[in-house]
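The values are calculated or read from the model by the stated rules, or taken from the named source; none is laboratory data. Remember, it's a predicted structure, so these values are computed and weren't measured experimentally. Cβ coordinates were reconstructed from backbone atoms using ideal geometry, including for glycine residues, and neighbour counts include every protein chain displayed. These accessible areas exclude ligands, DNA and RNA; they are computed on the full protein's heavy atoms, side chains included. Shrake-Rupley method; radii C 1.70, N 1.55, O 1.52, S 1.80 Å.
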Amino acid sequence: MVEVNQRGHKSGCLICGADLIYSDAEERQICSICGHALHSNVRCISGHFICDTCHSLPATEYIETYCISTKTTDPIELAQTIMKSSKVKMHGPEHHFLVPAVLLTSYYNYRAEDGIKKAKVNGAKSRAQKILGGFCGFYGDCGAAVGTGIFVSMITNATPLSRDEWRLSNLMTAKSLFSIANRGGPRCCKRNSFLAIVEAVDFVKEYLGISLPIKGKIDCNFSHLNKECLHKGCTFFRNSD
Ligand SMILES: [Zn+2]
Ligand SMILES: [Zn+2]
């Protein structure tokens, strides 16, 4: 697994923070974010190549593009990969979209419904953009939890007039919020995203009979970037940090 480097990967590869290497001649390379093939003479030492278009994307568009092109079915692994990019800050409202994006991506990849995935991820982006930064502390409704409600609303096609879909969507947010609230503050967008995703994976298994593969133990690679990290007080803290 690629580690976040000590610079908080502000330089080097956008995906993993590793140093870039340049060759004399351009080679055909596949962009690690959008999947398009281009000729370039730069890649990182881990083998990532990122096209110029993806290089200049803001965080939410980066998340969307990455999710649309990936085939993974593990939402935690996908979340951790996206979080390692320097485009995604330690804390920030991009996590409100990241949570439903990785869940929708894993769900539709698992069901081999690639054609639906793109529209759903794009729809979740529009909805998530309405969840402001700091929503957790100011409104008592963590955006990562709302993100799981968006996820269930989108896969069940819930509306304000639905009956069971409405119940499931609100129940999803409630379960995520309960899990997040029980850990206490201060906010951590990594911890709360992991908790929300785990709750959503449990939820779709229990209520929809779909078992998304998920890592057994989640290790956080971001403690050194979070000055409010609870360290041993957090479920996901790695002792080696
Ligand atoms: Zn890389
Ligand atoms: Zn690209």
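Just a few scattered comments:
- Complete set of residues in the stretch 134-153 that are surrounded by fewer than 24 Cβ atoms within 10 Å (Cβ to Cβ) and assigned to a loop (DSSP other than H, G, I, E, B): Gly134, Gly140, Asp141
- Residues satisfying the stated conditions in the stretch 76-133, i.e. open to solvent by 20 Å² or more (accessible area, probe 1.4 Å) and among the hydrophobic types (A, V, I, L, M, F, W, C): Met90, Ala112, Ile116, Ala119, Leu132
- Ala181 open to solvent by 30 Å² or more (accessible area, probe 1.4 Å), of a type in the set (Gly, Ala, Ser) and part of a helix (DSSP H, G or I): yes
- Tally, over the stretch 13-54, of residues that are within 11 Å of ligand 2 (Cβ to nearest atom), modelled with pLDDT of 90 or more and not in a loop (DSSP other than H, G, I, E, B): 7
- Residue in the stretch 160-168 that is in a helix (DSSP H, G or I) and either crowded, with 22+ Cβ neighbours inside 10 Å or among the hydroxyl-bearing types (Ser, Thr, Tyr) (or both) present: no
- Scanning the stretch 26-58 for residues that are under 25 Å from Tyr110 (Cβ atoms) and away from ligand 1 (no atom under 14 Å from the Cβ) yields Cys34, Gly35, His36.
- Residue match in the stretch 77-94 (condition: outside any loop (DSSP other than H, G, I, E, B) and over 21 Å from Pro213 (Cα atoms)): yes
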